[in-house]
Amino acid sequence: MVSGSSPRAGMAAPVTTARRRHVSRAWIIEFYGSAIGKKAVMAITGIVLLGFVLVHMIGNLKLYYPNAERDLNEYSRWLRTVGEPALPYKGFLWLVRGGLIISFILHIHAATTLTLMNRRARPVKYQGGRSYAAADYAARTMRWSGVIVGLFLIFHLMDLTWGWRVVHPDFVRGQPYRNIWHSFSPERWPVSVVYIIANLLLGLHIYHGAWSLFQSLGWANPRFNSWRRGFAGAFAAAIVVGNVSFPIAVLSGLIDDPVQPKDTEAVAPATFEAPVWTPAGTGSTSRGL
Amino acid sequence: MNLNLTLKVWRQKGPADGGHFETYAAPNINDDMSFLEMLDVVNEELIAQGKEPIAFDHDCREGICGSCGFVINGRPHGPMKATTVCQLHMRNFHDGDAITIEPWRAAAFPVIKDLVVDRSTFDRIIGAGGFISAPTGAASDANLTLVPKATADLAFDAAACIGCGACVAGCPNGAAQLFTSAKVAHLNLLPQGQPERWSRVTSMVNTMEAYFGSCTNFRECEAVCPKEISIDFIAKMNRDFLQAKFRDRRKLVNAEAGEDAG
């Protein structure tokens, strides 16, 4: 029953038409064609990217090793040579990079198409405004945190992977320790500021994403449901604390100046021990290696 | 105690009309009234003045039919938890309050008039699989099929959905995940629902996605649901849907061909 006059009796109900019809296609296309399938893809690619940021952060913790410069540079060299001779030089690295690039593209493509779908689902916004009962700040800003982190990633690659002169004039290929130290040096403080803001946003993105992926993949169980939020929070916190500590450590002088000469890029790891670039008296061989 | 309120109500003559807010004074409202009774009083006054009363859906007025529902101050069914508009009492408001009232906003829920929206897209989702196929003949004994108590309780929690549409209205994406997942889970949990379990979830999700937005796990639906349906059912629906996609696909051909897409 409808109060007042009866609009249903007097007026034809507006026809709501389906946006798209379901067509038989190859199952993987059809799977990705569904929104739940796209969300599953976002969750799985999200897990891949989460794994990357965690390993990336842990790898960079070598900055705090007693012999940080040697260890970090050696680690970066290992990333290029691991799997040899079964894999070619940089083979493993490119396998990982390939997976990351595909994940990144799929994650963004799914997010974009789902966002457009969601916009179409509410063409008329709430004219009197709306209030949120549960959606937290992280969830409501996923789009923005995602886009900003994505843009930062491009800058981050120009700065510390590709070493573009315009971004990072003193970049030396094969010497990540020197590059990190220089990138976060006090005279380049805006780089550190951008880096810290981007990592806080990354943390916000992870705080929602690392929880959300459980729902998207249907991983709900009374045994661990109460842990999902804690897991996402802890993951986000670990990434933010680890990553943000690097520029702070460099800016505060906690990280020693690089001593390896700039031109030793192609030198084998063994030569790193040579006194040629070890300051007199500090003795990089003190660990008894 | 009596309240003097100012209402800002969405008025829309019909589906084609653009609509606008209109402000009404609602003086001397008894705080024992429900929100709908308050609107009845306002409508009586409008009718006495020869004006068009505010159209809104309602039926049982005891929170179980799912007919009523609109957005009050930006929140579907208003500020109280686990409450439909008809169960919302005016004692939850204060004297002098300004209250904004607006219909559900979703492409799938076009406004028919004022606060009344067309929710027949929900019926299409139900039509796509929200049932079990039962052979006719003599009814079997009610307790012939054993259902574990915990399962029955969970299925009942899902079946508590009254289909009011608040989940869609509250969802920033205009998604119908909570409604659909409740209807899927209600049957997919029970033994009687097993024969059509995979085709049901596939068909109902496909139909849902033809009209509504997608879930981004805001949890807004769960918070505004008058029946407190849990988003655990959404996870369960996602799981069933993903599983269905990886099962013997030949068995799904009929289900997909028979799906209702408008």
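The values are calculated or read from the model by the stated rules, or taken from the named source; none is laboratory data. This is a predicted model, so every value here is computed, not measured. Here Cβ is always computed from backbone atoms with ideal geometry, including for glycine, and neighbour counts include all displayed protein chains.
For the reader, a short list of remarks on this structure follows.
Listed here are the residues, each with its yes/no results for (1) touching a helix residue (DSSP H, G or I) at 6+ places or on another chain (Cβ under 8 Å); (2) surrounded by 14 or more Cβ atoms within 10 Å (Cβ to Cβ); (3) under 27 Å from B:Cys225 (Cβ atoms); (4) in contact (Cβ under 8 Å) with a residue 40 or more places away in the chain.
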site	(1), (2), (3), (4)
B:Arg11	no, yes, no, yes
B:Gly14	yes, yes, no, yes
B:Gly18	no, no, no, no
B:Asp32	yes, no, yes, yes
B:Met38	yes, yes, yes, yes
B:Pro53	yes, yes, no, no
B:Glu62	yes, no, yes, no
B:Ser67	no, yes, yes, yes
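- Residue match in the stretch B:139-150 (condition: farther than 30 Å from B:Ala55 by Cα, surrounded by 15 or more Cβ atoms within 10 Å (Cβ to Cβ), away from chain A (no Cβ under 13 Å) and not aromatic (Phe, Trp, Tyr)): no
- Residue that is farthest from B:Val184 (Cα to Cα) [pool: residues in the stretch A:200-250 that are free of Cβ contacts under 8 Å to residues at least 24 places away in the same chain and of a type in the set (S, T, N, Q)]: A:Ser245
- Taking the stretch B:57-105 as the range and being more than 9 Å from every other protein chain (Cβ to nearest Cβ) and on the phi > 0 side of the Ramachandran plot as the test, the residues that pass are B:Arg61, B:Gly63, B:Gly66, B:Gly69, B:His77, B:Gly78, B:Ala82, B:Gly96.
- Qualifying residue in the stretch B:202-222 (condition: aliphatic (A, V, I, L, M) and more than 10 Å from chain A (Cβ to nearest Cβ)): yes
- Scanning the stretch A:142-161 for residues that are free of Cβ contacts under 8 Å to residues at least 40 places away in the same chain and either basic (Lys, Arg) or within 13 Å of chain B (Cβ to nearest Cβ) (or both) yields one hit, A:Arg143.
- Residue count for the stretch A:50-70 under the criterion of being without any contact (Cβ under 8 Å) to a residue 40 or more places away in the chain and not charged (D, E, K, R): the result is 5.
- Residue satisfying all of: in the stretch A:83-95; surrounded by 15 or more Cβ atoms within 10 Å (Cβ to Cβ) and not small (Gly, Ala, Ser); nearest to the chain's Cα centre (by Cα) among these: A:Leu93
- Qualifying positions in the stretch B:190-213 - outside any helix (DSSP H, G or I) and either buried (at least 24 other Cβ atoms within 10 Å of the Cβ) or of a type in the set (Phe, Trp, Tyr) (or both): B:Phe212, B:Gly213
- Entry remark, the stretch B:124-172: residues being part of a helix (DSSP H, G or I) and either among the hydrophobic types (A, V, I, L, M, F, W, C) or not assigned by TED's automatic domain parsing to the domain that holds B:Tyr211 (or both) number 13 in total.
- Residue match in the stretch B:17-27 (condition: facing chain A (nearest Cβ under 9 Å) and among the aliphatic types (A, V, I, L, M)): no
- The condition (being surrounded by fewer than 18 Cβ atoms within 10 Å (Cβ to Cβ), on the phi < 0 side of the Ramachandran plot and within 8 Å of chain B (Cβ to nearest Cβ)) is satisfied by just one residue among A:Ala134, A:Ala121, A:Ala139: A:Ala134.
- Test: residue in the stretch A:86-103 that is touching a helix residue (DSSP H, G or I) at 6+ places or on another chain (Cβ under 7 Å), farther than 27 Å from A:Leu200 by Cα and without any contact (Cβ under 8 Å) to a residue 12 or more places away in the chain: yes
- Only one of the numbered conditions (1) small (Gly, Ala, Ser); (2) buried (at least 24 other Cβ atoms within 10 Å of the Cβ); (3) more than 15 Å from B:Ala82 (Cα to Cα) is not met by B:Ala155, and that is (2).
- Test: residue in the stretch A:208-226 that is more than 27 Å from B:Cys215 (Cβ to Cβ), at pLDDT 95 or above and in contact with a helix residue (DSSP H, G or I) (Cβ under 9 Å, 6 or more places away or on another chain): no
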